[in-house]
Amino acid sequence: MKISIAGTGYVGLSLATLLSQKHEVVTLDIISDKVKQINKRISPISDEYIEKFFKEKGLNLRATLDYEDAFNNADFVIISTPTNYDPYQSFFDTSSVEDVIQKVKNVGNSNTTIVIKSTIPVGFTENVKQKYDLKNIFFSPEFLREGKALYDNLCPSRIIVGDKTPEAHKFAKLLLSATEKQNTPVLFMNSTEAEAVKLFANTYLALRVAYFNELDTYAESKELNTKDIIAGVSLDPRIGDYYNNPSFGYGGYCLPKDTKQLLANYKDVPQNLISAIVTANDTRKQFIANEIVKRNPQIVGIYRLTMKSESDNFRSSAIQDIINHLTSRGVGVLIYEPTLNSGDFNGVPVTHDLDDFKKNSSIIVANRIDSILQNVKSKIYTRDLFSRD
């Protein structure tokens with residue numbers, strides 16, 4: 001089959017790599033540098049498995065800037081373009097998704113099935129079906145971790161397809177045939193329910209992060225041992241000893257926007273918990289900033305802007321809001337971020353010299369500990385208790 005994928009972020013590029021092992025895959029992007037990199041088999045994102053597959057596998061994969069080239073004669077067009085949350089509209093900006101849909105229609109391939117992988121509001125797929133008079137379109141959520149996107153496609157926790165037609169079953173088989181995991185659960189449902197699954201799943205993950213962060217806030221405020229409390233709580237098998245490592249707050253591309261979108265979908269529905277999950281993250285970041293200020297640092301060194309280890313992405317990372325809290329109070333801040341070419345980040349100085357960073361920082365704030373900080377252990381402020389994400 002020919003499979004076209006619009007967007008080459010974590011979702012799009014991991015799917016392109018996965019499916020191009022057995023099928024012709026053409027990816028579409030609007031950034032020429034990314035297109036060049038993919039065609040040279042250089043991954044534009046940090047992902048161990050994508051980088052490995054690019055080097056070792058004979059992938060039938062190419063990238064283009066031309067949507068007609070990408071979509072013409074495609075059996076499936078997978079949309080994985082970004083849908084940022086618009087705080088003024090209280091909704092995802094789905095313009096990039098609709099732009100792709102219009103371009104697919106312009107090509108005039110009536111046999112193409114459109115699969116939306118971008119995260120969208122509940123009810124979006126049904127709306128565009130009516131708006132653009134489409135039949136072969138459905139939503140299929142992804143559940144990927146940044147830095148491990150291809151691995152999570154190779155070994156998926158589940159495959160959910162928002163349709164029950166033959167095309168939906170064909171798409172599920174397409175994904176299953178490329179996985180390495182046996183007996184992957186596959187669920188078929190309507191697209192609206194599938195859209196809800198995505199938002200509720202990510203909001204639960206955010207809830208779990210917020211819960212253990214608030215546990216840590218209490219323990220630190222009362223001078224208790226957070227690690228012991230979490231160990232005792234997590235031995236209950238209904239809770240489990242996972243996804244419980246305190247942090248500066250949930251961040252990254254998905255959780256902040258998906259929780260806000262789900263809250264927006266509750267506009268006419270009674271709730272207390274969903275809004276609390278959103279506000280809890282802001283409260284946590286404010287608490288962390290206060291704890292740093294209490295130490296009266298002359299220069300606060302920020303070790304990495306990234307959300308977590310093994311990631312090169314710092315979109316909506318919690319540390320950025322903490323930096324804003326600190327600078328608004330007149331606290332001096334120095335950032336160490338080797339992936340950032342600029343000498344500053346939003347007006348805050350950035351250094352690429354680790355030794356200089358360690359020397360000039362009176363306290364080093366690290367969301368996640370790194371072994372290269374061992375020789376300045378006494379300077380570190382972190383809530384990373386288990387050395388894992």
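Numerical summary
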| item | result |
| --- | --- |
| Å² per residue, accessible surface of the stretch 183-342 at 1.4 Å | 48 Å² |
| Rounded D (µm²/s) - the stretch 248-288, Kirkwood Rh over Cα pairs, Stokes-Einstein at 37 °C, 0.692 mPa s | 305 µm²/s |
| Residues of the stretch 1-136: accessible area per residue with a 1.4 Å probe, Å² | 47 Å² |
| Relative contact order %, the chain, counting alpha carbon pairs below 8 Å whose residues are six or more apart | 12 percent |
| Shape parameters for the stretch 180-229, alpha-carbon atoms, Rg then Dmax in Å | 17.8, 49 |
| Surrounding net charge for residue 323, when Lys and Arg each add one and Asp and Glu each subtract one, Cβ distance under 13 Å | 0 |
| Coil-residue trypsin sites (Lys or Arg not before Pro) of the stretch 152-223, DSSP, other Cβ within 10 Å capped at 12 | 158, 164, 181, 222 |
| Whole-angstrom gap from the stretch 111-177 to the stretch 257-287, using each part's C-alpha centre | 26 Å |
| For the stretch 88-220, the Rg and Dmax computed from alpha carbons only, in angstrom | 17.2, 61 |
| Relative contact order, percent, the stretch 315-389 [alpha-carbon distance under 8 Å, six or more residues apart] | 20 percent |
| Accessible surface of the stretch 245-320 [probe 1.4 Å, protein heavy atoms]: carbon and sulfur percent | 51 percent |
| Full-stretch length increase - residue 89, residue 328 - with 0.36 nm per residue and alpha-carbon distance subtracted | 83.3 nm |
| Apportionment of accessible area to carbon and sulfur, the stretch 149-233, percent (1.4 Å) | 56 percent |
| Sites matching chymotrypsin sites (Phe, Trp or Tyr not before Pro) across the stretch 93-147 that sit in DSSP coil, with at most 16 neighbouring C-beta atoms within 10 Å | 132 |
| Gyration tensor over alpha-carbon atoms, the stretch 330-388, equivalent ellipsoid semi-axes in Å | 20, 13, 12 |
| Inter-centroid distance (Cα atoms) of the stretch 1-73 relative to the stretch 335-359, Å | 32 Å |
| Cut-off under 5 Å, modelled amide H: who pairs with residue 363 long-range | 299, 301 |
| Ellipsoid semi-axes in whole angstrom, largest first, where each is sqrt(5λ) of the Cα gyration tensor of the stretch 5-93 | 23, 16, 12 |
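The values are calculated or read from the model by the stated rules, or taken from the named source; none is laboratory data. Because the structure is a prediction, the values reported are computed rather than measured. When we count neighbours, we look across all protein chains shown, and the Cβ atoms used for this are built from the backbone with ideal geometry, even at glycine. Side chains are part of the model used for accessible areas, which takes the heavy atoms of the whole protein and leaves out ligands, DNA and RNA. Shrake-Rupley method; radii C 1.70, N 1.55, O 1.52, S 1.80 Å.
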